[in-house]
RNA sequence: GGGGGCACGCCGGAGCUGGAGAGCCGGGCCAGACUGUAAAUCUGGUGCGUCAGCUGAAUAGGUUCGAAUCCUAUUGCCCUCA
């Protein structure tokens, strides 16, 4: 579906909706499960539980993204991937099997398959071979997962991951293979790695047309507020991304009126709230001028306030998306929101 | 009062046995980037200009083909002795 044009909102409508948008901090990294239509499906499947009194699920990634992001420090083989630590040079071996074991130990409600996230651009042959490897690793992940049990008093869920770079035939083949594994939910990886947004949307659209509509679809690594709304329209139920937190630390704030670079001189004497419409009391309390001062002073509090702003905004945004899905006017709402969200303030 | 040292651009530092520089390093400042997090990170810019150039190393002289650099005086600051 072309960006910003009307279309049908796909499978998300078919899901019943859960109450709370979920976010959980795991091992120092923040994972955000923004939109949860469909999470009830997970609960029905026995995949979502309370963990040690926490009322939010834990999601752990497998290290597949590090195969991509730490490409200078690793070697890929059929058996698995050897990483060299940037801290002490020690080597660490990740395999589909030990990654399942690790995620069992952590106790994540949602465990991710071990895959290779291909870079962009990517040669066709490389993407094809890599996809084959990811599929073989997936079978090994499933075998290990199915042969083991959770270490705690609840079940865990394994999400397989579609790859295939930006090649439609590979994406189709991968989506079909992933769907055939018949897991409670499915993930789409290998996108938002530098390709144009339009290409990301095309691949998402294609894959969503193949992954079953009655199971949550999780688009890994996406994205900007606009990306999220566009991909919800394509049928995505779950997202995670570093953008709200990393960009907050770097002074970029997302608000319902647009994007603010709080470092900019224009906010020096602006004593209006960081985001007067924010559901987050912190963002309504502190002023732009003060937040800018904190950031310029390298006060860690500036990063904290920015992070609260962005996370609360993202959660608000998907909460609104869910409301409008329920009310049946998601697309018109989305098309009205997108220009605002893109605006630089 | 004696002795010693220092002085440039928003700030600090270095360069100073003569071969300039609108230069170097760091900071600040002004912008930009960031998409399944190694990274509170990275990148660019930061005298004036009508884009030809112009001004410029505390101030004023001197030596020299040539001075940020050497000499003299002045001003200001720092250290030290009394």
Cα gyration tensor, segment A:259-311 - rounded (a/c under 1.5), prolate or oblate: oblate
With the Cα gyration tensor of segment A:80-138 giving a ≥ b ≥ c as the square roots of its eigenvalues, does the rule (a/c under 1.5 for rounded; else a/b larger than b/c for prolate; else oblate) give rounded, prolate or oblate? oblate
Segment A:183-205 residues near the modelled residue A:72 label - backbone nitrogen below 19 Å, point 7 Å along Cα→Cβ: A:194
Net lengthening on full extension, residue A:320/residue A:296 (0.36 nm per residue, minus Cα-Cα): 5.4 nm
Between segment A:282-345 and segment A:107-127, what is the C-alpha centre distance in whole Å? 29
Roughly how many whole Å is it from the C-alpha centroid of segment A:140-200 to that of segment A:230-246? 16
If I model a spin label at residue A:284 and residue A:124 as a point 7 Å from the Cα along the Cα→Cβ vector, what separation in nanometres do I get? 5.6
Counting alpha carbon pairs within less than 8 Å and at least 6 residues apart, what relative contact order, in whole percent, applies to segment A:215-309? 25
What order, most packed first, do the peptides A:133-140, A:221-228, A:149-156 have when packing is the mean number of other Cβ atoms within 10 Å of each residue? A:221-228, A:133-140, A:149-156
So if we plug the beta-carbon distance of residue A:167 and residue A:87 into 1/(1 + (r/R0)^6) with R0 = 35 Å, what FRET efficiency do we get, rounded to 0.05? 0.45
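Here, each number is a calculation from the coordinates, and none is a lab measurement. Worth saying up front: this structure is predicted, and the values here are computed from it rather than measured. Note that each Cβ is placed from the backbone with ideal geometry, even for glycine, and that neighbours are counted across all protein chains shown.
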